[in-house]
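**Student:** Have a look at this one.
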Amino acid sequence: MKSGSPSNRSMPNPNGDSIRIFDTTLRDGEQSPGCSMNLHEKLAIARQLEKLGVDVIEAGFPIASDGDFEAVQAIAKEIEGAIICGLARTGQKDVERAIQAVEAARHPRIHTFIATSDIHLKHKLRMSRVQVLAEVDRAVRQARSAIADVEFSAEDATRSDRDFLVEVFGVAVRAGATTLNVPDTVGYTTPGEYADLIRFLRERVEGADRVVFSVHCHDDLGLAVANSLAALQAGARQVECTVNGIGERAGNTSLEEVVMALKTRAEVFAGVDTKIVTQEIYPSSRLLSSITGVQVQPNKAIVGDNAFAHEAGIHQDGVLKAAITYEIMTPASIGRASNELVLGKHSGRHAFRDRLQELGFSVEGEEFERAFKRFKDLADAKKVIYNEDLEAIVADSVQQLDDRYRFQSLSLVCGSDGPPNARVVLEIDGQESAREASGVGPVDAIFRAIAELTATGSELIRYQVHAVTAGLDAQGEVSVTIEEAGRRVIGNGVHEDVMVASAKAYVHALNKLEWHKARRQASEPKGI
């Protein structure tokens, strides 16, 4: 698409019944501590978001780093259906960098923002209101001169003076903004207040009938979804949200909760709906968890392990007689398959591939062969294989060909007679290396051996393990959080031997750190 030309993607009427889903998992969601992703992982999430049917993918903050710029640019070039958005502050260099990152997209968007609350103006920006208005005008005009679709956000809108917000948004509309975002940046507002603010702005902002009002809520008081839904009832037509509700501090509005609330309670929301393919909700949730290593809490609405579990006898009796007695939606409606035996050790490649596709995974080439071998090994080791086992196999088998470290093998001696001793073999830069180490426990011994092999200066922040499925023969899923030079990452590993899973998780985390180091070094100025 040429710069400045209008996108041919259908846009919702500002007052229509189509709700645009703006997914910011790759931008705001990635700002969760430890949730940073590399290019390979971001592309995997973007492809799944396209299958999910989101209208807008906020792919990143291009000026933040070379890695962010590369990811936004790569997503812009590959994704065909969704609008690809790059975030920018109102600074001229920010906007220019965002334009460069998204200009190759079929449907590009620039999202520029500046704070508008007196709190931020005084303590952060040290700017006057007049200066802010001038910044908004210049930034939106700059973006609009290159890209037809421009969104403007008034950061900390819910703590801003309402009359000043009207001025700010009026300037943005006159400068060419097509979407106005009203963020609850610190999760401060309540549903009634937020709905009233949206109505106020729609009535007072000059040109409000020509733009889409958007909402971006944080969950600091646990009200992000409620606030977003209230805003939709007040006339907003875009919701900014993330898969699993991940995001800074307490997180963002949960995509799956907003979408299923609109679908399940259509009569309450006057029939407004989204274009989301709801059967892709659960696969999207699982993919994000496997990539970030951040597990969904069991009682999480829609996608938690217990969302469709019934413990009480009276509930079980009711569900067996008629599911509608206690289930307001079905597992199938969000793409959640039944937890049953799906394949055996005699199953071939065709059956394995078909089942993965049913679960929402598209795995080809070397990654497929690794996954199939892991499936065969697991089928020999345990009697019952569940869908969750297959999901874990895929997550564990998909890795980058350019990973610096690759786990090869682990030997471990431990017991009550002496300190544990671990021997770990890694492939480092294509060469096999081994190291032995002792520790106060088996995991400590493994991690010491890996740390010596990789000469890492990282610090272990958190170690977590849980069973993928029920049963004594369940696979263990381990996540480790490590930090080095202010960069915190999470690694994930799965294996029927939890010690092997621990080693894989640590190596996965170290590879993430290496990717970020490489991006940082590439951006450093070179000497003569």
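Every number here is computed from the coordinates shown, using simple stated rules; none is lab data. As the structure is a computational prediction, the values presented were derived from the model and not from experiment. Don't worry about glycine lacking a Cβ; one is built from the backbone with ideal geometry, like all the others, and counts go over all protein chains shown.
**Student:** Take every Cα pair under 8 Å in region 207-317 that's 6+ residues apart, average their separations, divide by the length, and report that relative contact order as a whole percent.
**Tutor:** On the way: 126 pairs, mean separation 20.3, N = 111.
That works out to 18 percent.
**Student:** So the label point goes 7 Å from the Cα of Gln297 along Cα→C-beta, right? Which residues of region 210-234 then have their backbone N under 20 Å from it?
**Tutor:** 217-229
**Student:** What FRET efficiency would be calculated for the residue pair Asp273, Arg199, taking the C-beta separation as r and a Förster radius of 25 Å, to the nearest 0.05?
**Tutor:** Details: r = 21 Å, r/R0 = 0.86.
Taking R0 as 25 Å, the efficiency between Asp273 and Arg199 is 0.70.
**Student:** Quick one: of the DSSP bridges fully inside region 20-292, what percent are antiparallel, nearest 5? Provide the component values of the computation, followed by the final result.
**Tutor:** Working: 1 of 36 bridges.
Percentage antiparallel, nearest 5: 5.
**Student:** Given Lys51/Lys77; Lys345/Lys512; Lys42/Lys383, which pairs have Cα atoms separated by over 24 Å? Spell out each step's value before the answer.
**Tutor:** On the way: Lys51/Lys77 16 Å; Lys345/Lys512 33 Å; Lys42/Lys383 35 Å.
Pairs exceeding 24 Å: Lys345/Lys512; Lys42/Lys383.
**Student:** Can you match P(r) over Cα pairs in 20 Å bins from 0, in percent to one of these, (1) 17, 38, 31, 12, 2, 0; (2) 21, 51, 25, 2; (3) 22, 57, 20, 1, based on a calculation from the structure here?
**Tutor:** (2)
**Student:** Right, another one. Can you compute 3J(HN,Hα) from phi for each residue in region 190-204, using the Karplus curve 6.51 cos²θ - 1.76 cosθ + 1.60 with θ = phi - 60°, rounded to whole Hz and x for Gly and Pro?
**Tutor:** Using θ = phi - 60°, the values come out as 10, x, x, 4, 5, 4, 5, 5, 5, 4, 4, 5, 5, 7, 9 Hz.
**Student:** Shifting gears a bit: So for the chain, averaging the separation of alpha carbon pairs under 8 Å that are six or more residues apart and normalising by length, what relative contact order in percent results? Walk me through the intermediate numbers first.
**Tutor:** Working: 1083 pairs, mean separation 62.6, N = 528.
For the chain, the relative contact order is 12 percent.
**Student:** Another question, if that's okay. Whose amide H sits under 5 Å from the amide H of Arg462, counting only residues 5 or more places off or on another chain, with H placed in the peptide plane?
**Tutor:** Residues meeting the amide H criterion: Thr481.
**Student:** Let me ask something else. Spin-label point model (7 Å from Cα, Cβ direction): what's the Arg174 to Glu427 distance in nm?
**Tutor:** Output for this residue pair reads 6.3 nm.
**Student:** Per 0.36 nm of contour for each residue apart, how much would the distance between Glu78 and Lys345 grow if the chain were fully extended, relative to their Cα-Cα spacing?
**Tutor:** On the way: separation 267, 0.36 × 267 = 96.12 nm, distance 3.68 nm.
Roughly 92.4 nm would be gained on extension.
**Student:** Order these by the 10 Å Cβ neighbour count, fewest first: Glu80, Glu358, Glu58. The partial results should precede the final answer.
**Tutor:** Values: Glu80 10, Glu358 14, Glu58 26.
If I rank by nearby Cβ atoms, fewest first, I get Glu80, Glu358, Glu58.
**Student:** Relative to the first principal axis of the alpha-carbon coordinates of the chain, what is the inclination of helix 39-52, with its axis defined by its Cα atoms, in degrees from 0 to 90 and to the nearest 10?
**Tutor:** The angle comes out at about 70 degrees.
**Student:** Arrange Thr190, Thr90 by Cβ neighbour counts within 10 Å, fewest through most, would you? Walk me through the intermediate numbers first.
**Tutor:** On the way: Thr190 15, Thr90 21.
By the 10 Å Cβ count, ascending: Thr190, Thr90.
**Student:** Please report His516, His466, His111 as a ranked list, fewest other C-beta atoms within 10 angstrom at the top and most at the bottom. Intermediate results must be reported in sequence, preceding the final value.
**Tutor:** Details: His516 17, His466 13, His111 26.
By the 10 Å Cβ count, ascending, the order reads His466, His516, His111.
**Student:** Which cross-chain or sequence-distant (5 or more) residues have an amide H under 5 Å from the amide H of Asn181, H modelled 1.01 Å from N in plane?
**Tutor:** Phe152, Ser153, Ala154, Ser214
**Student:** Could I ask something else about it? Using helices alone, I'd like the mean residue ellipticity at 222 nm for the chain: each DSSP H run of four-plus residues gives -39500 (n - 2.57), total over residue count, nearest 500. The partial results should precede the final answer.
**Tutor:** On the way: 15 runs with 202 residues, N = 528.
That comes out to -12000 deg cm²/dmol.
**Student:** Here is a further query. How far is helix 255-264 tilted off the main Cα axis of the chain, in degrees rounded to 10, range 0 to 90?
**Tutor:** Rounded to the nearest ten degrees, it is 70.
**Student:** On to the next question. Report for the chain the percent antiparallel among DSSP-assigned beta bridges with both residues inside it, nearest 5.
**Tutor:** Working: 35 of 72 bridges.
About 50 percent, rounded to the nearest 5.
**Student:** Shifting gears a bit: Can you work out ³J(HN,Hα) from phi for every residue in region 205-222, in order, using Karplus 6.51 cos²θ - 1.76 cosθ + 1.60 and θ = phi - 60°, giving whole Hz and x for Gly and Pro?
**Tutor:** 6, 5, x, 4, 6, 9, 10, 9, 8, 10, 10, 9, 10, 9, 9, 4, 10, x
**Student:** If you don't mind, there's one more thing I want to ask. Taking θ as phi - 60°, what are the ³J(HN,Hα) couplings along region 105-118 by the Karplus curve (6.51, -1.76, 1.60), each to the nearest whole Hz, with x for Gly and Pro?
**Tutor:** Those phi angles translate into 5, 5, 9, x, 9, 10, 10, 10, 8, 8, 6, 10, 6, 4 Hz.
**Student:** Another question, if that's okay. Show the residues, 5+ positions off or on another chain, whose built amide H is closer than 5 Å to the amide H of Arg20.
**Tutor:** Gln238, Val239
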